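The values are calculated or read from the model by the stated rules, or taken from the named source; none is laboratory data. Computed from a prediction, not measured in an experiment: that's the story for all the values here. Reconstructed Cβ throughout: ideal geometry from the backbone, glycine too, with neighbour counts over all protein chains shown. Ligands, DNA and RNA are stripped out before the accessible areas are found, and what is left, the full protein with its side chains, is counted by its heavy atoms. Shrake-Rupley method; radii C 1.70, N 1.55, O 1.52, S 1.80 Å.
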Amino acid sequence: MSKSKLYAALDRLSEIELTVMARKSGREISRPVWFVREDNILYLLPLQGSDTNWYKNMQKNPNLKISVDGQEIITGNGKAIADQKKVKEVIEKFKSKYGDSDVKKYYTKFDVCVELDLKQ
């Protein structure tokens with residue numbers, strides 16, 4: 001998929017399929033997640049922050065797979081971010097995209113976020 005088609009697909013969607021490798025069993029685990037794209041960076045915000053299972057799995061094996069409409073579009077290494085200034089910036093991006101009330105409704109801990117470089 002070309003970068004322009006990838007970005008167009010991401011810009012029209014509210015969620016993507018995230019696949020991580022389970023830290024104990026080693027099997028792939030997929031789940032739908034919200035995201036924000038800014039230029040070549042995809043930001044993910046774990047629902048329960050650093051307590052979220054997919055985040056813990058990513059810390060052991062940072063390889064992430066992102067699928068859109070059932071088609072794998074990118075595989076790359078996720079970068080965990082704990083810097084509170086950056087995390088707050090990402091939270092604001094999520095609030096802008098999904099609404100303040102929905103972010104407050106679904107997200108319970110705001111101590112980390114994940115960055116995925118789409119140029120990988």
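Any residue in segment 55-73 that's within 17 Å of LYS119 (Cα to Cα) and modelled with pLDDT under 90: show its pairings with residues that are assigned to a strand (DSSP E or B) and of a type in the set (A, V, I, L, M) at Cβ separation under 6 Å, as long as the two are six or more apart or on different chains.
VAL68/ILE16; ILE73/ILE66
Within segment 1-14, take every residue that is hydrophobic (A, V, I, L, M, F, W, C) and free of Cβ contacts under 8 Å to residues at least 60 places away in the same chain and give me the one that is most open to solvent (accessible area, probe 1.4 Å).
Out of the qualifying residues, it is ALA8.
Report, by residue number, each residue of segment 98-108 that is open to solvent by 70 Å² or more (accessible area, probe 1.4 Å) and touching a residue at least 40 places away in the same chain (Cβ under 8 Å).
Once the filter is applied, which keeps residues that are open to solvent by 70 Å² or more (accessible area, probe 1.4 Å) and touching a residue at least 40 places away in the same chain (Cβ under 8 Å), segment 98-108 yields TYR106, THR108.
If a residue must be among the small types (Gly, Ala, Ser) and touching a helix residue (DSSP H, G or I) at 6+ places or on another chain (Cβ under 6 Å), how many such residues does segment 1-21 contain?
Total satisfying the criteria: 0.
Which condition breaks for VAL112 when tested against (1) over 21 Å from ALA8 (Cα atoms); (2) open to solvent by 30 Å² or more (accessible area, probe 1.4 Å); (3) in contact with a Gly (Cβ under 8 Å, 6 or more places away or on another chain)?
(2)
What is the residue count in segment 46-63 for residues that are touching a Gly at 6+ places or on another chain (Cβ under 6 Å) and under 23 Å from VAL103 (Cα atoms)?
Residues that pass the stated criteria total 1.
Would you be able to tell me the number of residues in segment 1-28 that are in a strand (DSSP E or B) and either touching a Leu at 6+ places or on another chain (Cβ under 8 Å) or closer than 27 Å to LYS95 by Cβ (or both)?
Residues that pass the stated criteria total 6.
Can you tell me which residues in segment 15-36 are open to solvent by 60 Å² or more (accessible area, probe 1.4 Å), touching a residue at least 24 places away in the same chain (Cβ under 8 Å) and either more than 17 Å from TYR55 (Cβ to Cβ) or touching a Pro at 6+ places or on another chain (Cβ under 9 Å) (or both)?
Matches in segment 15-36: GLU17 only.
Condition check ((1) of a type in the set (Gly, Ala, Ser); (2) surrounded by 16 or more Cβ atoms within 10 Å (Cβ to Cβ)) across all residues:
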{"position": "SER50", "(1), (2)": "yes, no"}
{"position": "PRO62", "(1), (2)": "no, yes"}
{"position": "GLY70", "(1), (2)": "yes, no"}
{"position": "ILE74", "(1), (2)": "no, yes"}
{"position": "ILE81", "(1), (2)": "no, yes"}
{"position": "LYS85", "(1), (2)": "no, no"}
{"position": "VAL90", "(1), (2)": "no, yes"}
{"position": "SER96", "(1), (2)": "yes, no"}
